[in-house]
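**Student:** Have a look at the structure that comes next, please.
The values are calculated or read from the model by the stated rules, or taken from the named source; none is laboratory data. Keep in mind the model is a prediction, meaning the values are calculated, not measured. Here the Cβ positions follow ideal geometry from the backbone for every residue, glycine too, while neighbour counts run over all protein chains shown.
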Amino acid sequence: MTDPTQQLIRGTLHLLILRQLAAGPAHGFSLLAAISERSEGVLRFEDGALYQALHRMQERNWVSSEWGHAENGKRARFYRLTREGRRRLDIETDSWQRYARAVSRMLEPEPA
Amino acid sequence: MRLTRHEAREIEAGIDQEFGFHLEMRTEQLIRQGYSPQDARAEALRRFGDAASARAACVESDRRWQRAHKRRELLLGLASDALFALRRMRRRPLAFAVIILTLGVGIGATTAVFSATHHVLWGPLPIADEERAVAVWETDPDRGESVLEVATGNFTMWQRLQRSFAAMGLAVPFGFDLDAGGRPQPVTAWLVTAGFLDALGASPALGRLFAPEEFGTSAPPVVILSHGFWRDRFAADPSIVGRSIRLDGTPTRVVGVLPEGLEYPRRAADVWAPTMLGEREQNDHSSRYSQVVARLGPGVSREAASADMDRVARLVAAEVGPSASTGGIRVQSLREHVFGPVRPALLALLGAVGFLLLIGCSNVANLLLSDTVARERELALRAAVGATGARIAAQLFAECAVYAAFSGVLGVLLAAWGIDALVAFGPANFPRLASVALDWQAFGFAAAIALASALLVGVAPALRASRTEVASLLRSGEAVTPHRRLRRAFVSIEVALALVLMIGAGLLGRSFAALRGNDLGFAPVGVAELQMFLYDTNKTPEARRARVAEYVAAFEAMPGVERVGVVTALPFHPSQIDADDDLTVEGSQAPPRRVHTTVASPGYFDTMRVPIQRGRGFDDRRDHERGPRVALVNDALARSLFPGQDPIGKRVRVGVMDRPQVREIVGVVGDVRPKSLDSEPRPEIYVPMLQSGTGSVTFVVRTRGDPHQALLMLGERVAALDPGQAVYHAAVVEDLVDATLVERRFNLLIAATLSTVALFLAVIGVYGLMSFETTSRTRELGIRAAIGASPRRIAAMVLGHGLRTVMPGVVLGMLGAAILMHAIRSLLYRVEPVDPLTFFYIGAGTLAVVALAAYLPARRASAVHPMEAMRRP
């Protein structure tokens, strides 16, 4: 766990999950697949970390879960965004974008 | 909120399943990407990372979430149940009002009495280490008196001989005249010896206690005020400490104020002053008017002190002679001394209001039970759509919680009002009653019993509901079982409890009647009394006798006055001094007898209508200072001294507030009750006023008109004759007699009120049950009527059924009373706790009233027309 990218991801894992769940309810594996697909493999983390994050978010009432059937007919736990989670997503998205803008402005070459 | 084992297992299983699903999906994905099944599985596990710690973290998260969730659900459930209950109650406002009122009255009464009992009996005393403070008394087994006030001479010897007490002091009741402009005002006082306040463990609320040198005769006079006197007379002005007030014409410095509630010994006094026993008092073994308080030494128990004082009693008897202290010494805890006399009444009262609450609870439980019967279909429906028995029970309990809240609030309001009433109407000399108030403990108590009562009334319906059989209830038209047995049990208990209270009130009533029927030995109606101390303005015996004669003449000259008498110790007088002395019969070898001694004028016996039974009364023309010494004895003394002989002409040697003298008995007067209607007459000897120099006298004035009116005129007459003379005590003698009955009358009034309310509630219970049962039998009764049963027969049948229902309650009540009445034995007078007459009449009366309550529904049932009854569902 010395890779600095991964540490960055840990801090923003909640945001990624919230963002992905905004599209609709999903089970853990499909969330993982969607996140790695959309990030083109840049954002990588251990699968177990996702579940820890999901359960912590449920504890904070950002997401709720219920059992359902996956595409292959197997029983899977589906997560969905709560109203609290949607509010959280707006807040976190906003603060992440301001952060990212600030950082990228810093990285632009200084005007001559 | 804890999780059940099942819930914990569910959480773990859920996470295992979730992880399992993930690994399966990942493995399948990897196989599709070309991994061999074995490698795919290994790769999936690798990508998952540390599964054990992830699992642990998830389990912890889920547990916390589930606990919070359960809490929220419970509160939401309770709130919705309570709301539901409130909505139901709004639809049935009358039933709701009855329930709240019944419980509220019970809770209020119980809380008020609990507050009073708690404060009076168990509240802290404003003294240090109260368990070490004891009251010490003389006893006289011969006269059956277990607590006698103490002679100063005996106290002096106790102090010298005892080995148990760290401190010991004596208090003498006394009166001062407070001079604050205008007429002098009488002020009640305790004169205390050094050590008394230490023994008591008192500490001042303001200023200080007495310094050792202030007990000397040459010290400048000082005084400590009682809290009540300081508040009422000096408007609680703290600057009074250090200032001087004029007592008996002498400037006296106020050095301190005692804390509130310090009314010990039991008689409340306005001021406390230091005193030192003079030589005469140190050797006076006969006048008993002092109270002694002592403080147990370190490591000394009350029992050990008691044994030590038995030894002291024997030494005193040996030293002074057989008569001085023929009795023993009693060591009593101070708390027992102050509160012992009121404890039985208070505890009985607490028990009585508890019974009342239980009766109210039974009634409400029955009402709720009949309500659940009506609701059973609704409850069954809920059960059918998935509510568990526990869920339904929870809903019923939520209803009870609503009842508890409303009736608890009502109860506290009623308790506040009840405490005010207790304080206002309670006997004035009841210790600490005046300072009873609704405090947080009372609130706690009210809340606790409100909850307990609500649970009590809710438990039967809830149990019932949780066992509801869905199928049997949903079948339409099915008559529901009205669980008769439970309801009858409730009504029986009500009748039993009410009967116990009725019997208690009956016994108190009979005691009161027996007491009122006692012959006083004198006629108090129409007599006014004025007590004065003539020593200060009239220094010699001659001057005092002249002044007494002057007052008598002045009073007799007033319009409406029939007769005037003078006496040193008036029966029933609150500041009566027990002056006992030794009496020996001349020419007899018998040991000296202790007798009660009184100085009286000739007019005293006429005024009080104490009959002269033999011989003659006093006569001022013969029985004056220079005449032969004479005395009158009462019947009790005559019979015990000279059984079967004529006492007239016998000569006895006795000292009456004076040195012993030989006196000739010239007459026998009737016995009088000395202190209260239940005090037995004692052996008494009277000597004529003109042969004594006493200055502590009580004038008795018989008037034709209203003695209260006369009292005012007498006071004015005294002021006109001698403006400097204070009247220490003035009252109508009939009121004094009445005052001794105040506590008993109060007890009786409360007992009668509570038992009447209890009976009323029980009657409502019986009536309710019988109405319900008769209504549910309407069809049956209609059929009976149709096949020829007469209305009278039907009424008899229903009534018989009613009597069978309440009979167990009556029997239970009788048995309960037979056991419980022993607890109020000390409140009874000349009636046994199990008095057959009382039990019979009250039992029969209660049965009759209850039968009437059962009869009314029966009559209604018999009046129903058969056709109408049959048509009913």
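**Student:** Checking B:Ser244 against (1) modelled with pLDDT of 90 or more; (2) within 21 Å of B:Thr193 (Cα to Cα), which test does it fail?
**Tutor:** (2)
**Student:** So, one more: Looking for something under 23 Å from A:Arg75 (Cα atoms), more than 8 Å from chain A (Cβ to nearest Cβ) and among the small types (Gly, Ala, Ser) - is there at least one such residue anywhere in region B:47-55?
**Tutor:** Yes, region B:47-55 has at least one match.
**Student:** Enumerate the pairs (first residue in region A:28-48 and closer than 14 Å to B:Gln29 by Cβ and away from chain B (no Cβ under 11 Å); second residue anywhere and at pLDDT 80 or above and surrounded by 16 or more Cβ atoms within 10 Å (Cβ to Cβ)) with beta-carbon separation below 9 Å, excluding pairs fewer than 6 apart on the same chain, so at least 6 apart or on different chains.
**Tutor:** Here the result reads A:Ala34/A:Gln20; A:Ala34/A:Ala26, each pair linking region A:28-48 to a residue that is at pLDDT 80 or above and surrounded by 16 or more Cβ atoms within 10 Å (Cβ to Cβ).
**Student:** Also: Condition test on A:His69, is it under 28 Å from B:Gln17 (Cβ atoms), at pLDDT 85 or above and in contact with a Cys (Cβ under 8 Å, 6 or more places away or on another chain)? Can you show your working first?
**Tutor:** Details: under 28 Å from B:Gln17 (Cβ atoms): yes; at pLDDT 85 or above: yes; in contact with a Cys (Cβ under 8 Å, 6 or more places away or on another chain): no.
For A:His69, the condition - under 28 Å from B:Gln17 (Cβ atoms), at pLDDT 85 or above and in contact with a Cys (Cβ under 8 Å, 6 or more places away or on another chain) - is not met.
**Student:** Does region A:62-71 contain at least one residue that is closer than 18 Å to A:Trp96 by Cβ and within 12 Å of chain B (Cβ to nearest Cβ)? Lay out the reasoning, then the answer.
**Tutor:** First, pick out the residues of region A:62-71 that are closer than 18 Å to A:Trp96 by Cβ: A:62.
Filter once more, keeping what is within 12 Å of chain B (Cβ to nearest Cβ): A:62.
There is at least one residue in region A:62-71 that is closer than 18 Å to A:Trp96 by Cβ and within 12 Å of chain B (Cβ to nearest Cβ).
The rows are residues; the columns are (1) surrounded by fewer than 20 Cβ atoms within 10 Å (Cβ to Cβ); (2) under 22 Å from the mean Cα position of the chain (by Cα); (3) assigned to a helix (DSSP H, G or I).
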position: B:Leu349; (1), (2), (3): no, yes, yes
position: B:Gly354; (1), (2), (3): yes, yes, yes
position: B:Leu357; (1), (2), (3): no, yes, yes
position: B:Leu368; (1), (2), (3): no, no, yes
position: B:Gln395; (1), (2), (3): no, no, yes
position: B:Ala398; (1), (2), (3): no, no, yes
position: B:Phe406; (1), (2), (3): no, no, yes
position: B:Leu413; (1), (2), (3): yes, yes, yes
position: B:Trp417; (1), (2), (3): yes, yes, yes
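The rows are residues; the columns are (1) closer than 30 Å to B:Val567 by Cα; (2) in contact with a strand residue (DSSP E or B) (Cβ under 7 Å, 6 or more places away or on another chain).
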position: B:Arg673; (1), (2): yes, no
position: B:Ser676; (1), (2): yes, no
position: B:Glu680; (1), (2): yes, no
position: B:Thr703; (1), (2): yes, yes
position: B:Pro707; (1), (2): yes, yes
position: B:Gln725; (1), (2): yes, yes
position: B:His729; (1), (2): yes, yes
position: B:Ser755; (1), (2): no, no
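**Student:** Restricting to region B:210-226, and then to whatever is touching an Asp or Glu at 6+ places or on another chain (Cβ under 8 Å) and of a type in the set (A, V, I, L, M, F, W, C), can you tell me which residue is farthest from B:Val254 (Cα to Cα)?
**Tutor:** Restricting to residues being touching an Asp or Glu at 6+ places or on another chain (Cβ under 8 Å) and of a type in the set (A, V, I, L, M, F, W, C), the top hit is B:Ala219.
**Student:** Look through B:Phe84, B:Phe19 and report the one residue that is within 14 Å of chain A (Cβ to nearest Cβ) and aromatic (Phe, Trp, Tyr).
**Tutor:** Selected residue: B:Phe19, the only one of B:Phe84, B:Phe19 that is within 14 Å of chain A (Cβ to nearest Cβ) and aromatic (Phe, Trp, Tyr).
**Student:** Sticking with this structure for a sec: Give the residue that is modelled with the highest pLDDT, with candidates limited to residues of region B:40-87 that are over 17 Å from B:Glu12 (Cα atoms), among the charged types (D, E, K, R) and exposed (fewer than 14 other Cβ atoms within 10 Å of the Cβ).
**Tutor:** Here the residue is B:Arg46.
**Student:** Between residues in region B:436-461 that are within 13 Å of B:Ile107 (Cα to Cα) and free of Cβ contacts under 8 Å to residues at least 24 places away in the same chain and residues that are surrounded by 22 or more Cβ atoms within 10 Å (Cβ to Cβ) and among the small types (Gly, Ala, Ser), which pairs lie under 9 Å by C-beta distance while being six or more apart or on different chains?
**Tutor:** Short answer, once both residue conditions are applied: B:Ala452/B:Ala404.
**Student:** List every residue pair whose Cβ atoms sit under 8 Å apart, with the two residues 6 or more apart in sequence or on different chains, where the first one lies in region B:23-34 and is touching a residue at least 24 places away in the same chain (Cβ under 8 Å) and the second, anywhere, is basic (Lys, Arg).
**Tutor:** Correct list of pairs: B:Leu23/B:Arg41.
**Student:** Turning to a different aspect of this structure: So which residues in region B:490-527 are of a type in the set (Asp, Glu) and either surrounded by fewer than 20 Cβ atoms within 10 Å (Cβ to Cβ) or assigned to a loop (DSSP other than H, G, I, E, B) (or both)?
**Tutor:** So in region B:490-527, the residues of a type in the set (Asp, Glu) come out as B:494, B:519.
Matches in region B:490-527: B:Asp519 only.
**Student:** Is it the case that region B:71-79 has a residue that's on the phi > 0 side of the Ramachandran plot and away from chain A (no Cβ under 14 Å)? If you could, list the steps in order and put the result at the bottom.
**Tutor:** Step one: of region B:71-79, the residues on the phi > 0 side of the Ramachandran plot are none.
Among the residues of region B:71-79, not one is on the phi > 0 side of the Ramachandran plot and away from chain A (no Cβ under 14 Å), which makes the answer no.
**Student:** Within the group B:Leu759, B:Leu812, which residue is in contact (Cβ under 8 Å) with a residue 40 or more places away in the chain, in contact with a Leu (Cβ under 9 Å, 6 or more places away or on another chain) and surrounded by fewer than 18 Cβ atoms within 10 Å (Cβ to Cβ)? I'd like the intermediate steps shown before the answer.
**Tutor:** Values: B:Leu759 fails: surrounded by fewer than 18 Cβ atoms within 10 Å (Cβ to Cβ).
The unique qualifying residue is B:Leu812.
**Student:** Let me ask something else. Report every pair of residues separated by at least 6 positions or lying on different chains whose Cβ atoms are under 8 Å apart, first residue within region B:630-643 and within 18 Å of B:Glu680 (Cα to Cα), second assigned to a helix (DSSP H, G or I) and at pLDDT below 95.
**Tutor:** Filtered contacts from region B:630-643: B:Val633/B:Leu641.
**Student:** Report whether or not B:Ser61 is at the interface with another protein chain (Cβ under 7 Å from one of its Cβ atoms) and among the hydroxyl-bearing types (Ser, Thr, Tyr). Outline the logic, then answer.
**Tutor:** Values: at the interface with another protein chain (Cβ under 7 Å from one of its Cβ atoms): yes; among the hydroxyl-bearing types (Ser, Thr, Tyr): yes.
So B:Ser61 fits the description; yes.
**Student:** Which helices (runs of 4 or more DSSP H) does region A:1-110 wholly contain that include 3 or more residues that are of a type in the set (A, V, I, L, M) and more than 25 Å from B:Gly49 (Cβ to Cβ)?
**Tutor:** On the way: elements: A:4-21, A:28-38, A:47-59, A:83-107.
Per the criteria, A:83-107.
**Student:** For region B:290-300, indicate whether the set of residues that are surrounded by 19 or more Cβ atoms within 10 Å (Cβ to Cβ) and closer than 30 Å to B:Thr537 by Cα is non-empty.
**Tutor:** First, pick out the residues of region B:290-300 that are surrounded by 19 or more Cβ atoms within 10 Å (Cβ to Cβ): B:290-296.
Narrowing further to those that are closer than 30 Å to B:Thr537 by Cα: B:290-291.
Taking every residue of region B:290-300 in turn, at least one turns out to be surrounded by 19 or more Cβ atoms within 10 Å (Cβ to Cβ) and closer than 30 Å to B:Thr537 by Cα.
**Student:** Considering every residue within region B:31-43, establish whether at least one is facing chain A (nearest Cβ under 7 Å) and not small (Gly, Ala, Ser).
**Tutor:** Of all residues in region B:31-43, those facing chain A (nearest Cβ under 7 Å) come to none.
Scanning region B:31-43 turns up no residue that is facing chain A (nearest Cβ under 7 Å) and not small (Gly, Ala, Ser).
**Student:** Can you give me the number of residues within region B:599-625 that are in a strand (DSSP E or B) and crowded, with 22+ Cβ neighbours inside 10 Å? Even if it seems obvious, please write down each step before you answer.
**Tutor:** Step one: filter region B:599-625 for residues in a strand (DSSP E or B), giving B:599-600, B:612-615.
Within this subset, residues satisfying the condition of being crowded, with 22+ Cβ neighbours inside 10 Å are B:599-600.
So the answer is 2.
**Student:** From the list B:Arg544, B:Arg516, which residue is touching a Leu at 6+ places or on another chain (Cβ under 6 Å), touching a residue at least 60 places away in the same chain (Cβ under 8 Å) and not aliphatic (A, V, I, L, M)? Spell out the reasoning first.
**Tutor:** Numbers: B:Arg516 fails: touching a Leu at 6+ places or on another chain (Cβ under 6 Å).
Going through B:Arg544, B:Arg516 in turn, the sole match is B:Arg544.
**Student:** Answer yes or no as to whether B:Ile99 is within 16 Å of A:His55 (Cα to Cα), surrounded by 12 or more Cβ atoms within 10 Å (Cβ to Cβ) and either at pLDDT below 90 or within 11 Å of chain A (Cβ to nearest Cβ) (or both).
**Tutor:** In short, no.
**Student:** For the list (1) surrounded by fewer than 20 Cβ atoms within 10 Å (Cβ to Cβ); (2) assigned to a helix (DSSP H, G or I); (3) not hydroxyl-bearing (Ser, Thr, Tyr), I need the number of the one condition that B:Met157 fails.
**Tutor:** (1)
**Student:** Follow-up question, since we're still on this one. Only one residue in B:Val737, B:Val727, B:Val668, B:Val763 is touching a Pro at 6+ places or on another chain (Cβ under 9 Å), of a type outside the set (Gly, Ala, Ser) and in a helix (DSSP H, G or I), so which one is that?
**Tutor:** Numbers: B:Val727 fails: in a helix (DSSP H, G or I); B:Val668 fails: in a helix (DSSP H, G or I); B:Val763 fails: touching a Pro at 6+ places or on another chain (Cβ under 9 Å).
Exactly one residue qualifies, and that residue is B:Val737.
**Student:** A follow-up question, please. Residues of region B:140-157 being among the hydroxyl-bearing types (Ser, Thr, Tyr) and modelled with pLDDT of 85 or more, which ones? Full working, then the answer.
**Tutor:** Filtering region B:140-157 for residues among the hydroxyl-bearing types (Ser, Thr, Tyr) gives B:146, B:152, B:156.
If the condition is that a residue be among the hydroxyl-bearing types (Ser, Thr, Tyr) and modelled with pLDDT of 85 or more, then B:Thr152, B:Thr156 are the ones that fit.
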